[in-house]
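Step one of this worksheet: look at the structure below.
The values are calculated or read from the model by the stated rules, or taken from the named source; none is laboratory data. Here the structure is a predicted model, which means the values were calculated and not measured. FYI the Cβ positions are ideal-geometry reconstructions off the backbone, even for glycines, and counts take in every protein chain you see.
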């Protein structure tokens with residue numbers, strides 16, 4: 001597929017020599033369900049400024065990440081740059097900054113650099129990033145809960161750093177795409193009869209995400225779309241997850257996800273392309289959350 005060829009602007013992006021070997025999902029994804037999510041995406045997008053506005057926003061986010069992370073810049077990140085990146089990662093922006101500050105800017109930048117271009121296998125680099133973030137110390141039950149939330153936020157931040165540094169090279173591996181631990185995520189919504197499945201044998205290995213991404217790319221090509229395919233994939237996945245979220249009374253993203261707001265607003269928020277606050281005020285929470 002042509003979209004897997006490296007784009008010129010990604011030539012200096014970290015990790016370009018690494019190839020993720022795709023793994024075929026152990027359970028077959030359903031083209032009919034893809035079609036349902038795709039059509040709903042197009043319909044909801046009309047209420048949110050049109051699908052082109054989503055693609056423009058995702059491209060702008062990617063260019064900002066590439067600007068801050070490309071050509072070895074990750075090793076020299078300051079706290080202001082980390083805040084800028086974190087501001088665009090919805091599932092981490094309200095939790096992770098105090099932990100990065102506690103870690104220290106030098107070590108935090110080093111971790112980002114190792115994540116993007118270190119010598120270890122990709123899965124190990126991602127896990128190393130999560131393990132290094134302070135706040136994972138576990139003592140009483142409340143501490144265990146807080147540590148789990150911190151680790152989830154760190155995983156999502158690392159996943160988006162990888163993907164938006166080079167969306168051709170790295171699939172989006174956020175927990176809302178798939179989380180083996182909770183057996184939930186957008187990929188579940190492409191399995192026919194998923195409600196009857198007690199366990200889904202999907203792992204959190206990069207190869208699984210890459211295999212699912214290539215399947216989605218084939219479905220998108222069948223729609224005659226060959227431009228911005230990585231971002232079309234992100235949009236279809238986000239549509240599937242927000243549709244699921246809106247169908248239940250509770251979800252792992254909690255009240256912050258914005259119950260009562262429109263579907264297209266939730267989709268933008270999930271992808272970190274929701275409208276910034278007035279006068280450029282940050283959406284990053286800098287104080288430790290009292291509720292863990």
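Does residue 78 satisfy the condition of being loosely packed, with under 15 Cβ neighbours inside 10 Å, in contact (Cβ under 8 Å) with a residue 24 or more places away in the chain and either over 18 Å from the mean Cα position of the chain (by Cα) or closer than 17 Å to residue 270 by Cβ (or both)?
Values: loosely packed, with under 15 Cβ neighbours inside 10 Å: yes; in contact (Cβ under 8 Å) with a residue 24 or more places away in the chain: yes; either over 18 Å from the mean Cα position of the chain (by Cα) or closer than 17 Å to residue 270 by Cβ (or both): yes.
Against the criterion (loosely packed, with under 15 Cβ neighbours inside 10 Å, in contact (Cβ under 8 Å) with a residue 24 or more places away in the chain and either over 18 Å from the mean Cα position of the chain (by Cα) or closer than 17 Å to residue 270 by Cβ (or both)), residue 78 qualifies.
Is at least one residue of the stretch 192-201 within 18 Å of residue 92 (Cα to Cα) and surrounded by 17 or more Cβ atoms within 10 Å (Cβ to Cβ)?
Narrowing the stretch 192-201 to residues within 18 Å of residue 92 (Cα to Cα): none.
Checked against the condition, which is being within 18 Å of residue 92 (Cα to Cα) and surrounded by 17 or more Cβ atoms within 10 Å (Cβ to Cβ), the stretch 192-201 yields no hits at all.
Quick check on residue 188: is it assigned to a loop (DSSP other than H, G, I, E, B) and farther than 25 Å from residue 125 by Cα?
No, not satisfied.
Would you be able to tell me the number of residues in the stretch 84-124 that are without any contact (Cβ under 8 Å) to a residue 24 or more places away in the chain, surrounded by 17 or more Cβ atoms within 10 Å (Cβ to Cβ) and either over 18 Å from residue 65 (Cα atoms) or more than 19 Å from the chain's Cα centre (by Cα) (or both)?
1
On the given criteria, is residue 263 closer than 17 Å to residue 37 by Cβ, at pLDDT below 90 and touching a helix residue (DSSP H, G or I) at 6+ places or on another chain (Cβ under 7 Å)? Explain how you work it out, then say what you get.
Numbers: closer than 17 Å to residue 37 by Cβ: yes; at pLDDT below 90: yes; touching a helix residue (DSSP H, G or I) at 6+ places or on another chain (Cβ under 7 Å): yes.
Yes: the conditions hold for residue 263.
Here are some conditions: (1) within 24 Å of residue 59 (Cβ to Cβ); (2) surrounded by fewer than 20 Cβ atoms within 10 Å (Cβ to Cβ); (3) out of contact with any helix residue (DSSP H, G or I) (no Cβ under 8 Å at 6 or more places or on another chain). Residue 168 meets all but one. Which one does it not meet?
Checking residue 168 against (1) within 24 Å of residue 59 (Cβ to Cβ); (2) surrounded by fewer than 20 Cβ atoms within 10 Å (Cβ to Cβ); (3) out of contact with any helix residue (DSSP H, G or I) (no Cβ under 8 Å at 6 or more places or on another chain), the one that fails is (3).
Does residue 115 fit the bill of being in contact with a helix residue (DSSP H, G or I) (Cβ under 7 Å, 6 or more places away or on another chain) and in a helix (DSSP H, G or I)?
On the way: in contact with a helix residue (DSSP H, G or I) (Cβ under 7 Å, 6 or more places away or on another chain): yes; in a helix (DSSP H, G or I): yes.
In short, yes.
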